Amino acid sequence: GYGENTLNDTLTAYLDKTTLKPLNMVQVSRENKYYGVNHYNYNYNEDMYNCHIKRIRAKGIEEMQVSDSIPFFDVVTYVYMLRDDINPNKLHINQKVNNRLVLDDGIYPLYWRYAGQERVKLRGNKQVYDCLKVKPAFVDSSLFDDGEVMTLYVSDDENRIPIMIDAKLKIGSISAYLSNYKNLKHPLKSLVQK
């Protein structure tokens with residue numbers, strides 16, 4: 001029979017607080033006996049986005065450089081950038097916004113679609129939030145099927161903090177839930193039930 005595989009990813013990102021441009025992101029992945037680390041280091045010059053990617057695996061280290069004049073983001077800073085772009089007063093249901101994402105082997109086009117508002121109940125702590133719902137869609141990715149395979153829920157208040165993420169991978173699925181928060185800039189008005 002088939003055994004259960006558990007993938008544990010830890011993502012740590014640093015971004016410029018003013019521009020929200022990514023500065024550095026580290027992804028540490030563990031799955032059974034597999035262990036890998038991806039380092040993304042960004043620099044900017046003359047309207048160029050540059051990212052040095054270092055992939056560390058048991059078999060060795062691979063490095064590559066990606067550059068483009070069109071902005072791109074890693075998965076963590078993409079969520080922060082997305083938070084600023086989600087404004088229900090300026091978007092209509094099903095409106096699409098184009099972006100680009102850097103993954104471990106290059107830059108991929110994607111878009112996200114505003115899917116409206118939804119009330120979300122978290123599994124563990126049973127808290128209920130009013131959320132804005134967006135559906136990012138990947139095009140030509142090695143990790144995700146093409147199309148809208150992810151749903152991101154952010155708080156429907158001025159904070160726009162990620163509350164829940166559901167995504168289908170080519171090899172399974174992932175879910176992420178807000179576990180705690182601190183030092184919010186605005187009151188968490190989207191919290192309906194503690």
Return only the number of the condition from (1) touching a strand residue (DSSP E or B) at 6+ places or on another chain (Cβ under 9 Å); (2) part of a loop (DSSP other than H, G, I, E, B) that Ile56 does not satisfy. (2)
How do the pairs read when you match residues in the stretch 167-181 that are in contact (Cβ under 8 Å) with a residue 60 or more places away in the chain and in a strand (DSSP E or B) with residues anywhere that are among the hydrophobic types (A, V, I, L, M, F, W, C) and surrounded by 14 or more Cβ atoms within 10 Å (Cβ to Cβ), using Cβ under 8 Å and keeping only pairs 6 or more apart or on different chains? Ile174/Ile165; Ile174/Ala167
Which condition from (1) in a helix (DSSP H, G or I); (2) without any contact (Cβ under 8 Å) to a residue 24 or more places away in the chain; (3) of a type outside the set (Gly, Ala, Ser) is the one that Val76 breaks? (2)
Restricted to the stretch 105-136, and to residues that are under 17 Å from the mean Cα position of the chain (by Cα) and more than 14 Å from Tyr153 (Cβ to Cβ), which residue is modelled with the lowest pLDDT? Asp105
Could you check the stretch 62-86 and list, in sequence order, the residues that are closer than 18 Å to Tyr111 by Cα and β-branched (Val, Ile, Thr)? Ile70, Val75, Val76, Thr77, Val79, Ile86
Counting just the residues of the stretch 154-194 that are among the charged types (D, E, K, R) and in contact with a Lys or Arg (Cβ under 9 Å, 6 or more places away or on another chain), which one comes out farthest from Ala137 (Cα to Cα)? Lys194
Counting only residues in the stretch 55-83 that are among the hydroxyl-bearing types (Ser, Thr, Tyr) and surrounded by 13 or more Cβ atoms within 10 Å (Cβ to Cβ), the one nearest to Val154 (Cα to Cα) is identified as Tyr80
Looking at Val102, Val79, which one is of a type in the set (Val, Ile, Thr), closer than 28 Å to Arg57 by Cβ and at pLDDT below 85? Val79
When only residues in the stretch 46-73 that are in contact (Cβ under 8 Å) with a residue 40 or more places away in the chain and among the β-branched types (Val, Ile, Thr) count, which is nearest to Gln27 (Cα to Cα)? Ile53
How about the stretch 1-52: which strands (runs of 3 or more DSSP E) wholly inside it have at least 3 residues that are under 15 Å from the mean Cα position of the chain (by Cα), of a type outside the set (Gly, Ala, Ser) and at pLDDT 90 or above? 22-31
Right, Asp9: surrounded by 12 or more Cβ atoms within 10 Å (Cβ to Cβ), free of Cβ contacts under 8 Å to residues at least 12 places away in the same chain, among the charged types (D, E, K, R) and more than 20 Å from Asn98 (Cβ to Cβ) or not? no
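The values are calculated or read from the model by the stated rules, or taken from the named source; none is laboratory data. The structure displayed is predicted, hence computed values, not measured ones. Heads up, the Cβs are rebuilt from the backbone with ideal geometry, glycines too, and the neighbour counts pull from every protein chain shown.
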